[in-house]
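K.L.:
Input: one structure, supplied below.
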Amino acid sequence: MKKLFTLAIALLGFAGVANAATVDDLEVLKHSYVLVCDDLGARPGKGVLFGANHFLDVTGGTVATNKGQVDLSVVDGNEGYVTQEIVDKYGADYAGPHYNWLRLKNAQDVIAMKLTAGTKLIIFEQGNNKTGKDARIPKIAKSADLSDALNAAPGEDHPATVAGFRWEYTVADDGLYYIGSYNGDMFVSFIIVEAKEAPGTPTVKLGEQTYEGGLWFREVTCKANPAVEGGESLPTVVTYTTDGTAPTAKSPLYTAPIKCYQDMTVKFQAFYDFDENGKLDADDEIADGADNEANVSFSFDAPAIEAEGANVTIVSPYENARNFLSLDGTESGAEELSQVTLDESATIYAYSLIDNGDYTTFKTKSTTKDVYVLNPIKEKKTIAVTAGTAVVDEEATATSTTGEVYKVEGGEISADKKDFFVKGLTFKALAGDDAAYQVPAGQEAYIQMSNTNISFLVAEGDSVNVKVVCSKNSCKNLNADDAEDGSAVNDRKCFVNVSGTNYGGEDLKLNPEGNVIEFGLKGAEGGSIFTFQKYSGTGNILISSIEITPAAGEPAVQETVLWEGTALVNGWADQPMMLSDGGKELTDAGAAVGDRLRIYFTAPDDNWQVELTNGHWDGMLDRYAAKDLGPEPDGSPRHYTIVDQSKGYFEYTIDQDFLTKATTAQYWGGSFLLNGDGNMTVTKVSLVKGGGDTAVKTIKTVKAQNGAIYNLAGQKVSADYKGVVIINGKKVLNK
């Protein structure tokens with residue numbers, strides 16, 4: 001297997017969404033069209049055209065098959081949502097039940113289309129049986145955020161949006177329209193577009209993409225419709241073209257479905273059939289404006305990228321596909337190749353070409369995948385910015401409202417590509433007024449955690465200590481106003497994100513030294529790839545260095561049982577758990593800072609989550625669980641998913657504040673939330689010493705000093721507050 005070319009560790013760009021469409025790519029719905037939602041098979045995805053390119057999935061989203069069904073061939077005798085008129089117009093072509101399948105939620109799931117004036121939209125949907133002002137009905141707007149809704153919100157007397165609910169709206173003008181939902185989740189089975197067409201316009205239907213006899217094709221069918229003029233019904237016949245030109249009387253007469261083997265536009269034109277003979281005679285005249293068309297296009301899924309170590313294989317689901325790949329995450333330089341062995345980590349980009357006989361060659365969607373070829377961290381490794389000068393960005397400065405803007409020239413880092421996979425590397429400068437936040441003093445260039453990803457490998461069972469040094473303004477807004485209660489402000493907190501977990505969380509105004517973040521990581525079974533990445537809630541994170549050091553040999557694990565029994569937690573029940581009867585006190589068990597409280601459990605199935613909420617200690621437990629994701633942006637606790645359910649326990653690490661309050665009988669408290677049916681059973685609680693995933697940090701013991709005192713939550717406290725506090729920006733233990 002050959003290697004294509006050597007990678008440079010810097011500047012590996014993101015491929016992004018391949019061939020993403022925009023509203024400019026939409027075909028105008030000049031003619032009537034029926035979108036059968038569950039026939040799509042899968043949600044198209046953000047930036048994808050569907051429904052013969054007449055619809056755009058603006059936001060991406062989900063689908064459902066448990067929200068009822070609609071059959072346009074059967075009159076709904078109870079509610080009348082499917083009327084005889086609907087059955088007469090659509091029942092024959094769209095018979096059979098169809099799921100309310102496509103999920104739309106206001107401001108989250110939005111689709112777009114281009115309509116002509118006078119077009120009527122008929123949407124069949126299910127809205128979770130909500131009524132009145134809470135009813136879930138379509139919201140149509142001219143902007144993607146749906147802020148300028150054209151139709152009114154549901155009123156108090158709005159009926160329940162049960163399965164089969166029909167909603168109608170007629171647009172006043174030509175233009176681009178967006179559809180979401182009022183109030184919440186709405187599930188759609190049909191979107192019927194009834195365009196204002198000329199009398200006699202033929203009905204055109206485009207069949208599904210089909211593979212038969214070694215060829216791909218789509219079938220176009222057409223139905224002639226009578227033209228009604230002056231109350232008289234006149235029969236029509238239809239001619240067509242397949243080259244995109246307008247049909248004439250000399251064009252082929254449509255008599256049977258047309259098979260299309262490549263992308264093309266099939267156009268149709270109606271003529272009055274005065275003799276009603278189904279043929280086009282010299283005396284027959286063109287039906288003015290009675291034309292229609294089918295835009296035939298084909299779409300093929302991307303091949304799969306399969307990796308086993310350094311060996312990469314491209315696998316297509318289509319017969320006779322020719323696979324192409326590159327190692328830089330882009331199409332440029334891709335070669336026809338299905339297998340490659342990597343010498344180093346790479347972002348694999350892949351697509352396929354499918355020859356459709358002598359008609360055409362189709363290109364599939366593309367896909368990318370990061371494939372890691374890394375040595376595990378066995379000795380101290382450091383990524384540091386080694387070069388880079390701040391210079392004025394003249395172009396950005398010209399439009400700036402805040403003074404000079406700087407950029408980095410000659411930025412470099414030290415990072416062995418056998419140890420680290422660095423992708424999308426970008427730099428940011430600290431100069432001018434921002435120079436005060438440089439760490440160390442005088443350093444101008446920093447790794448910008450925007451598109452940059454940095455990955456490394458920790459072998460199974462190994463532990464490493466990680467130290468990240470950020471600039472002193474590494475937060476969303478260092479100048480954010482204080483909260484009214486004096487608590488820490490999220491916008492001033494410094495986080496780094498590693499594989500979805502946030503570390504840090506210090507308010508840089510209250511603790512200017514909080515830009516140095518330390519934590520531990522441990523390799524799971526088979527080894528673990530950890531990736532530094534941007535955390536969207538923290539804004540401007542600038543990194544000076546990342547230091548990764550293998551942890552010293554771990555002491556033997558000592559586990560002391562504190563309590564055993566059976567305690568049930570009902571699904572979604574907010575149920576406090578405590579060990580007030582028969583449990584051994586933490587202090588009696590010799591608990592110390594850095595030890596872990598381990599909670600053993602059983603659960604009914606794999607589909608569940610556990611959250612520790614504030615319990616009895618003012619939110620202290622919010623941040624502890626098997627995987628700490630940090631708080632929500634509004635400060636509320638997150639749900640914590642148990643990382644490895646097979647262990648049968650989760651645990652959290654004891655800090656001084658926890659230990660100080662362990663003198664009460666209810667020395668571990670909190671509420672468990674179980675996501676799923678049934679019960680979770682807590683069977684044992686124990687104290688674990690040694691073998692921890694993170695090193696125990698030393699806390700200096702001093703008496704309270706002059707100056708404002710804050711607890712770890714950033715709340716101002718009195719001088720007699722006991723526990724870990726922040727005084728003059730430093731963590732101390734106040735006794």
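No lab work stands behind these numbers, since they all come straight from the coordinates. No experiment lies behind these values; they were computed from the predicted model shown. When we count neighbours, we look across all protein chains shown, and the Cβ atoms used for this are built from the backbone with ideal geometry, even at glycine.
K.L.:
Report, in cubic angstrom per residue, the convex hull volume of the C-alpha atoms of region 319-453.
P.N.:
Values: hull volume 21.7 nm³, N = 135.
Value for region 319-453: 161 Å³ per residue.
K.L.:
Let me ask something else about it. Which value in Å is the Kirkwood Rh of region 426-475 over different Cα pairs? Can you show the working numbers first?
P.N.:
Numbers: mean 1/r = 0.0773 Å⁻¹.
Roughly 12.9 Å, rounded to one decimal.
K.L.:
Return the ratio Rg/(2.2 N^0.38 Å) for region 65-199, where Rg is computed over Cα atoms only.
P.N.:
On the way: Rg = 14.5 Å, N = 135, 2.2 N^0.38 = 14.2 Å.
In units of the 2.2 N^0.38 Å rule of thumb, it is 1.02.
K.L.:
So who's got an amide H within less than 5 Å of the one on D328, skipping anything under 5 residues away but keeping other chains? H placed 1.01 Å off N, in plane.
P.N.:
The list, which skips near neighbours in sequence, is Y349.
K.L.:
Let me ask something else. Using the Karplus curve 6.51 cos²θ - 1.76 cosθ + 1.60 with θ = phi - 60°, work out ³J(HN,Hα) for each residue of region 451-459 in order, rounded to whole Hz, and write x for Gly and Pro.
P.N.:
Coupling constants for region 451-459: 9, 6, 10, 10, 10, 8, 10, 10, 5 Hz.
K.L.:
Here's another thing I want to ask about it. Quick check of the Kirkwood formula: for region 105-175, what is the inverse mean of 1/r over all pairs of different Cα atoms, in Å? Numbers along the way, then the final one.
P.N.:
Details: mean 1/r = 0.0771 Å⁻¹.
Every distinct Cα pair counted, the radius reaches 13.0 Å.
K.L.:
Go through region 396-410 residue by residue and turn each phi into a ³J(HN,Hα) via Karplus (6.51, -1.76, 1.60, θ = phi - 60°); whole Hz please, and just put x for glycine and proline.
P.N.:
Once θ is set to phi - 60°, the couplings for region 396-410 become 5, 5, 4, 10, 6, 9, 10, x, 5, 10, 10, 10, 9, 10, x Hz.
K.L.:
Continuing with this model, one more query. Once amide H atoms are placed 1.01 Å from N in the peptide plane, what residues at a sequence separation of 5 or more from A227, or on another chain, have their amide H within under 5 Å of its amide H?
P.N.:
Under 5 Å from the amide H of A227: L234, T236.
K.L.:
Next question. Taking K and R as +1 and D and E as -1, what net charge do the other residues with C-beta under 12 Å from the C-beta of V405 add up to?
P.N.:
Numbers: positive: K407, K428; negative: D393, E394, E395, E404, D433, D434.
Residues near V405 contribute -4 overall.
K.L.:
Work out, in µm²/s and without decimals, the Stokes-Einstein translational diffusion coefficient of region 389-534 at 10 °C, 1.306 mPa s, Rh from Kirkwood over C-alpha pairs.
P.N.:
Numbers: Rh = 17.0 Å.
Taking Rh from Cα pairs, D becomes 93 µm²/s.
K.L.:
What per residue convex hull volume, in Å³, do the alpha-carbon atoms of region 25-127 yield? Walk me through the numbers before you get to the answer.
P.N.:
Details: hull volume 12.2 nm³, N = 103.
Spelled out: Cα convex hull of region 25-127, divided by residues, is 119 Å³.
K.L.:
May I pose another question? Quote the convex hull volume per residue of region 17-72, based on C-alpha atoms, as a whole number of Å³. Don't jump to the answer; show the numbers that get you there.
P.N.:
Working: hull volume 5.1 nm³, N = 56.
Dividing the Cα hull volume of region 17-72 by its residues yields 91 Å³.
K.L.:
Just to confirm a number: summing +1 for Lys and Arg and -1 for Asp and Glu over residues other than A198 whose beta-carbon lies under 15 angstrom from that of A198, what do you get?
P.N.:
Surrounding charge for A198 is -4.
K.L.:
What does the charge count around V469 come to, taking other residues whose C-beta lies under 14 Å from its C-beta (Lys +1, Arg +1, Asp -1, Glu -1)? Spell out each step's value before the answer.
P.N.:
On the way: positive: K467, K472; negative: E506, E513, E518, E547.
Around V469, the charge tally is -2.
K.L.:
Could you tell me how far the Cα centroid of region 282-312 sits from the Cα centroid of region 365-421, in Å?
P.N.:
Going from one Cα centre to the other spans 41 Å.
K.L.:
In percent, what relative contact order does region 33-171 have, based on Cα pairs under 8 Å that are 6 or more apart in sequence?
P.N.:
Values: 264 pairs, mean separation 33.2, N = 139.
Reported relative contact order: 24 percent.
K.L.:
Then there's this: Could you work out the relative contact order of region 322-447? I mean the mean sequence separation of Cα pairs under 8 Å and 6+ apart, divided by the number of residues, in percent. List each step's numbers first, then the result.
P.N.:
Working: 222 pairs, mean separation 24.0, N = 126.
Relative CO of region 322-447 lands at 19 percent.
K.L.:
So, one more: Please give me, ordered by residue number, the GluC sites (Glu not before Pro) of region 353-424 that lie in loop per DSSP and have at most 12 other Cβ atoms within 10 Å. If you can, show how the numbers build up before the last one.
P.N.:
Numbers: sites: E379, E394, E395, E404, E409, E412; in loops: E379, E404.
Taking region 353-424 and a limit of 12 other Cβ atoms within 10 Å, the loop GluC sites (Glu not before Pro) found are E379.
K.L.:
Same structure, new question: Rg (Å, one decimal) plus Dmax (Å, integer) for the alpha carbons of region 164-308?
P.N.:
In order Rg, Dmax, the Cα atoms of region 164-308 give 19.7, 73 Å.
K.L.:
According to the Cα gyration tensor, what semi-axes, each the square root of 5 times an eigenvalue, does the equivalent ellipsoid of region 121-236 have, listed from largest to smallest in whole Å? Walk me through the numbers before you get to the answer.
P.N.:
Values: eigenvalues 220, 96, 45 Å².
After scaling each eigenvalue by five and taking roots: 33, 22, 15 Å.
K.L.:
Continuing with this model, one more query. Work out from phi, with θ = phi - 60° and the Karplus expression 6.51 cos²θ - 1.76 cosθ + 1.60, the ³J(HN,Hα) of each residue of region 490-503, listed in order in whole Hz, and give x for Gly and Pro.
P.N.:
Result, rounded to whole Hz: 4, 5, 9, 8, 9, 10, 10, 10, 10, 6, x, 10, 8, 10.
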